[in-house]
């Protein structure tokens, strides 16, 4: 028999992603934002990069039952063992313990983990005098053996397997009471997978300051403290709302409180974590012929744990159409929708795995099955059904009907009535599967799975968009009564779906002092290049000339020009059909005056706020608002969006900008700085045509090499978009990062994720992804994260042919790239590629990437060879240049 | 144990059936079917509902063919099967599928959303276009197959009318006959013919090359049935019989309802084609008032006028309240009723024995509902005024033919009607539904236009999930606007909102306790049933 590689896929893993993916609204002062060294190191990156190099294998030892021996000896005419790979989420705990060592002399911090893996504690300390949130290296005396220095601010210490017998890893750090360490910060890293385990997307932080004496206030560096007389783990550590196994906030707090009132004895805390592991099992199928009845006897056994149901049928020819054979069936077999039979396998005597015996008439040539582990987990053979040929050569006896015991009936959920659809047998599988998921959404809230839900909603959205575009474009045979064919619909998250955005400035644009005038002269040209949205620089008075340090929000005379020039510019842009995005810097604002302590935190101008409008957790500015709902930007006071008066003022301001200047939408600066829910508030109040947020944090790297899987990174961006309720899109930083690696290192395989979709935000939520390759920060004269030089056109060939809303950087369109970019834009417009277009990746190999978009546009990039398939369509080359090529269906 | 408990109450129900003899009451089927055939996870819910229903003990005449029952207090999408109309022009005049790709994507999207099925208009003018008896079903068969492949159910609307606005004509051969004999169409007082459907007066006259329209409709139904036999009962689960203009049971008193967004006038009586006049004359003579048989009311306003612009519809002292008024309106509305009866009995003859449900659509003519005379309803053929319930007879007629009633306008709310229109969709809907309840006619809902406005969806949700019985809901209609980004998300939200109650029930954590509880309750209920 031909042996095929088997790759049963785990269909729908229904488990929440582990904890660190949860967006937290609670902030603490340990953010890592915008610190280049941290960015490059990836200390703030998350885990979820499951690329197991050494999969954890749980294999049942082969304890064949007597029955199997029988079969072996009978020399069946078919026998094959299929490996079954099952990716499973394993849950475990992280333990954090603070206690004294045996001599009761020294305090000791232990961090442990109950999951298998190669665990590394990545940690650093904060000293008492530190004002920033960066880490420092711990003193030598604290470093456990085996620690490795990571640059000058962190340590990596491996967790050791403790002797407890269980799979428990632990590291102990001795704390030196004489040092002036204010806190220990750490994240846990799994070397096996490269995954980082944080606390709800942030570092674990363990302040070692006197909590009691300060009345609960953690006010930063100025406070006196008394080492070791108490301990304090910020409340947020306890608040693990969604996490089942954690003690809930209130109880933990009270527990903590009671402990603190006494002599401090220690501290113990657990956090649930989860990790994907690959489990290898196998299924063995053997077929023999019963000479008496001339029937085929098929014996199926597997070492899969738990209940396994065989979902099976037979076929008469190679077409492999499922058919239900005549009875009798093995015990407990049920008929599923008249299409298949379901037989639970019976546990084997040894307790390892289970087996079943099927008697099949000789008229059938094949036995088809899939294994069903639970409602949502199906094991298939390379995405297909398992197919066992039943040829009729063998003739040795076997005993039928053994190996079954009277087990309890496997309770099968009654299929929902509305799911009972009579379908022709072929090709409906996918729809059914997804349908099952939809049912999962609608009826099983407890077990609903975010990703599955999103993917379905996205699928629905995509289909609807497809239907819409065809209906809309087909010549209407009638005009419906209530619809006077108005302007195409708009929602702020996506615009019309056909936007192509130009960033209308670079880092130097303020220099001339008359940027608005200069741009106005280019308005017609910009429009004729095919753009329909332009993003203008921040318009307010600003401490820095580029505009990103706004001061008086209502003063729109900036280094780019006066308010009147701005109005004229917007007017001319509107005249040539461009929508205008204002760059709204909402996260922070520079103060006009100092307070009595000499701190710059009193604002002037029309919005004369004081320190109450500033977040409390940035010691620089002595804000008296609430803690920040996002990361802090340390160069200026961060505005506290949680307060109604602040939001009211900002909404008023944004509306004023809409009315006064005529902005059509927003580009939201530093959206990491505050909760996306507030963004929704602003968007709802201003009803923009289009809005996009800058949510920029670092991708995940392992050993300086970017990970293939950037799901965690894009998930954080998706989470933010979700928080805005989809009212705003976000720059697809993930795609940019992956393009960097792919192009720079000729690793085009990176451009497909494990599901064969684009690996960036655009692969998950294309309609909300604003793809770009460069902006004023990453490129221009700042060059914080410059796109690989010379590869820009490949980048544009990618984003301008793919779904998502592409954004072109000013420096590129007004350069020698102009004609090429313009060609790509016109290809996009001509073929009506839009933000929800479908993309089929046809090649993602080392040196070539190719994709077909909406079956209308084909593209390839990289030095490798690719030609689009010519069977169904004919293609004509639309543009061909160095290392990329685009075709149109003709 | 539990089965026997329910079984006993079922027996009681059967007894009550016998007692009631001819008027065959039966309990909503869901009760029994769920209890007996789905003893799985839904059991506890059904037990609970059983209790409610039993205590309520309100009998419903439910259709034999319906798979699900009708009465249930806590509804969800599971109870209310949601359909979405396919584009009117899904099958082109030359029997090809218009924008098939869009439809196929749309079907998939709907399936994923959890929609039960779609509604497919089948046009007389397309399927029997060229000559009488020469049917072309290919386009519709293809479409039905697409629907089946998508795993959706299908409601078919047989459209014996044309739609000029959509450029869907009557069959060519019918139009030809109409040119030489315009008397087959409705006519208004000024002699203007309404050419979108045949006058109900010719139903039984051999005006179509020697055949009567009813015979032609019947042949059409027969051919449809045999051509689609493979889909009947499996994919096609409902058939709506076209009853008049726009498929609705009414006179074309407004040449196009809803065409202008202005306030609707009273409309005009459509009794001036030669055959109608003929019938009127006969009727007048038979009732001893030959002078009343020469035409409609002379003092009725014209189409766009308001009721008070002439004396017929005046709130007080209008001739509608006079003996003549009663004579005319009774006759006029009875014409509509017997037309409806002819076609619905035809439909239940043709389709009744199979596994599909038959439907007819009754319009929701809510304009000027707040006046005493309800002029719009009167001109449309519903003799419904302050003094008289005109819908009971309609409901009775539906009941007689075991037909379910489609009611549009489930998205309309009073507060969003223009003040001056004196309209009340809510009150009218309530009235019709009361009549239906009285005669045990199952109602199927429909909206009247695609709108993204949230109050429309809110209203539909209330109408669908409320106390009143709706067995299915058809959302009209697929097309560019339906899938547009400003509408589709709202629709998605609507569909998902229908699902919420269900979700809630499934989320109850302690299943076993619940079963025990419901066991207890169902035995209680059985006691109550026996006591009652």
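The values are calculated or read from the model by the stated rules, or taken from the named source; none is laboratory data. Just so you know, these numbers come straight off a predicted model, no measurement behind them. Don't worry about glycine lacking a Cβ; one is built from the backbone with ideal geometry, like all the others, and counts go over all protein chains shown.
Listed residues B:366, B:374; which is touching a strand residue (DSSP E or B) at 6+ places or on another chain (Cβ under 6 Å), more than 22 Å from residue B:402 (Cβ to Cβ) and buried (at least 16 other Cβ atoms within 10 Å of the Cβ)?
Only one candidate passes the filter, namely B:374.
Scan the range B:238-267 and report the pairs whose first residue is within 13 Å of chain A (Cβ to nearest Cβ) and whose second residue is modelled with pLDDT of 90 or more, with Cβ atoms within less than 7 Å and a gap of 6+ or a chain change.
Between residues of the range B:238-267 that are within 13 Å of chain A (Cβ to nearest Cβ) and residues that are modelled with pLDDT of 90 or more, the close pairs are B:246/B:161.
Given (1) part of a loop (DSSP other than H, G, I, E, B); (2) under 24 Å from the mean Cα position of the chain (by Cα); (3) modelled with pLDDT of 75 or more, identify the lone condition not met by residue B:485.
Of everything listed in (1) part of a loop (DSSP other than H, G, I, E, B); (2) under 24 Å from the mean Cα position of the chain (by Cα); (3) modelled with pLDDT of 75 or more, residue B:485 misses just condition (2).
So which residues in the range B:335-361 are assigned to a helix (DSSP H, G or I) and touching a strand residue (DSSP E or B) at 6+ places or on another chain (Cβ under 9 Å), if there are any at all?
Passing the criteria: B:340, B:343, B:344, B:346, B:347, B:348, B:350, B:351.
Would you confirm whether or not the range A:653-670 contains a residue that is in a strand (DSSP E or B), farther than 22 Å from residue A:543 by Cα and at pLDDT 85 or above? Show your work before the answer.
Let us first name the residues in the range A:653-670 that are in a strand (DSSP E or B), namely A:665-668.
Filter once more, keeping what is farther than 22 Å from residue A:543 by Cα: A:665.
Narrowing further to those that are at pLDDT 85 or above: A:665.
Yes, the range A:653-670 has at least one match.
This table checks each residue for (1) buried (at least 22 other Cβ atoms within 10 Å of the Cβ); (2) more than 10 Å from every other protein chain (Cβ to nearest Cβ); (3) without any contact (Cβ under 8 Å) to a residue 24 or more places away in the chain; (4) not in a loop (DSSP other than H, G, I, E, B).
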position	(1), (2), (3), (4)
B:108	yes, no, no, yes
B:111	yes, no, no, yes
B:135	no, yes, no, no
B:147	yes, yes, no, yes
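Step by step: first the residues of the range A:282-340, then only those that are more than 20 Å from residue A:381 (Cβ to Cβ), out of contact with any helix residue (DSSP H, G or I) (no Cβ under 7 Å at 6 or more places or on another chain) and assigned to a strand (DSSP E or B), then the one that is modelled with the lowest pLDDT. Which residue is that?
A:290
Identify, by number, the condition in (1) in a loop (DSSP other than H, G, I, E, B); (2) more than 12 Å from chain A (Cβ to nearest Cβ) that residue B:125 doesn't meet.
(1)
Is it the case that the range A:811-833 has a residue that's assigned to a loop (DSSP other than H, G, I, E, B) and within 23 Å of residue A:693 (Cα to Cα)?
yes
So which residues in the range B:89-103 are within 9 Å of chain A (Cβ to nearest Cβ) and in contact with a helix residue (DSSP H, G or I) (Cβ under 6 Å, 6 or more places away or on another chain)?
B:99, B:101, B:102
For the structure I just gave you, tell me whether residue A:886 is under 27 Å from the mean Cα position of the chain (by Cα) and outside any loop (DSSP other than H, G, I, E, B).
Considered against the rule, which asks whether it is under 27 Å from the mean Cα position of the chain (by Cα) and outside any loop (DSSP other than H, G, I, E, B), residue A:886 comes out as no.
If you go through the range A:728-735 one residue at a time, do you hit one that is free of Cβ contacts under 8 Å to residues at least 60 places away in the same chain, part of a strand (DSSP E or B) and touching a helix residue (DSSP H, G or I) at 6+ places or on another chain (Cβ under 9 Å)?
Our first condition is that a residue be free of Cβ contacts under 8 Å to residues at least 60 places away in the same chain; within the range A:728-735, this holds for A:730, A:733-734.
Then drop every residue that is not part of a strand (DSSP E or B), which leaves A:730.
With touching a helix residue (DSSP H, G or I) at 6+ places or on another chain (Cβ under 9 Å) added as a condition, the list becomes A:730.
Taking every residue of the range A:728-735 in turn, at least one turns out to be free of Cβ contacts under 8 Å to residues at least 60 places away in the same chain, part of a strand (DSSP E or B) and touching a helix residue (DSSP H, G or I) at 6+ places or on another chain (Cβ under 9 Å).
Within the range A:764-784, which residues are closer than 17 Å to residue A:710 by Cα and modelled with pLDDT under 90?
Scanning the range A:764-784 gives A:764, A:765, A:766.
Can you tell me which condition residue A:450 does not meet? The list is (1) at pLDDT below 80; (2) facing another protein chain (nearest Cβ under 8 Å); (3) under 21 Å from the mean Cα position of the chain (by Cα), and all the others hold.
Only one criterion is unmet by residue A:450, namely (2).
Going through A:749, A:720 one at a time, which residue ends up being more than 23 Å from residue A:775 (Cβ to Cβ) and in contact (Cβ under 8 Å) with a residue 40 or more places away in the chain?
Of the residues listed, the single one that is more than 23 Å from residue A:775 (Cβ to Cβ) and in contact (Cβ under 8 Å) with a residue 40 or more places away in the chain is A:749.
Keeping to the range A:628-647, report how many residues are in contact with a helix residue (DSSP H, G or I) (Cβ under 9 Å, 6 or more places away or on another chain) and assigned to a helix (DSSP H, G or I).
Of the residues in the range A:628-647, 3 are in contact with a helix residue (DSSP H, G or I) (Cβ under 9 Å, 6 or more places away or on another chain) and assigned to a helix (DSSP H, G or I).
Only residues that are surrounded by fewer than 24 Cβ atoms within 10 Å (Cβ to Cβ) and in contact (Cβ under 8 Å) with a residue 60 or more places away in the chain: list them for the range A:700-710, please. Let's see the steps before the verdict.
Initial filter on the range A:700-710 (surrounded by fewer than 24 Cβ atoms within 10 Å (Cβ to Cβ)): A:700-706, A:708-709.
Correct list: A:700, A:701, A:702, A:708, A:709.
Please indicate, with yes or no, whether at least one residue in the range B:271-281 is without any contact (Cβ under 8 Å) to a residue 40 or more places away in the chain and either farther than 27 Å from residue B:436 by Cβ or more than 30 Å from the chain's Cα centre (by Cα) (or both).
Start the filter on the range B:271-281 by keeping residues that are without any contact (Cβ under 8 Å) to a residue 40 or more places away in the chain, which leaves B:277, B:281.
Going one step further and asking which of them are either farther than 27 Å from residue B:436 by Cβ or more than 30 Å from the chain's Cα centre (by Cα) (or both), we end up with B:277, B:281.
Yes, the conditions are met somewhere in the range B:271-281.
Kindly check whether there is at least one residue in the range A:577-584 that is assigned to a loop (DSSP other than H, G, I, E, B) and either under 27 Å from residue A:820 (Cβ atoms) or modelled with pLDDT under 90 (or both).
Checked against the condition, which is being assigned to a loop (DSSP other than H, G, I, E, B) and either under 27 Å from residue A:820 (Cβ atoms) or modelled with pLDDT under 90 (or both), the range A:577-584 yields at least one hit.
Just give me the residues in the range B:149-177 being assigned to a helix (DSSP H, G or I) and within 14 Å of chain A (Cβ to nearest Cβ), in sequence order.
Matches in the range B:149-177: B:149 only.
Identify, please: which residue in the range B:466-493 is crowded, with 21+ Cβ neighbours inside 10 Å and more than 11 Å from chain A (Cβ to nearest Cβ) and is, among those, farthest from residue B:116 (Cα to Cα)?
B:469
Taking residue A:852, is it without any contact (Cβ under 8 Å) to a residue 60 or more places away in the chain, under 25 Å from residue A:455 (Cβ atoms) and not in a loop (DSSP other than H, G, I, E, B)?
yes
Across the range B:67-88, what is the number of residues that are more than 8 Å from chain A (Cβ to nearest Cβ), modelled with pLDDT under 90 and more than 19 Å from residue B:404 (Cβ to Cβ)?
Qualifying residue count, the range B:67-88: 3.
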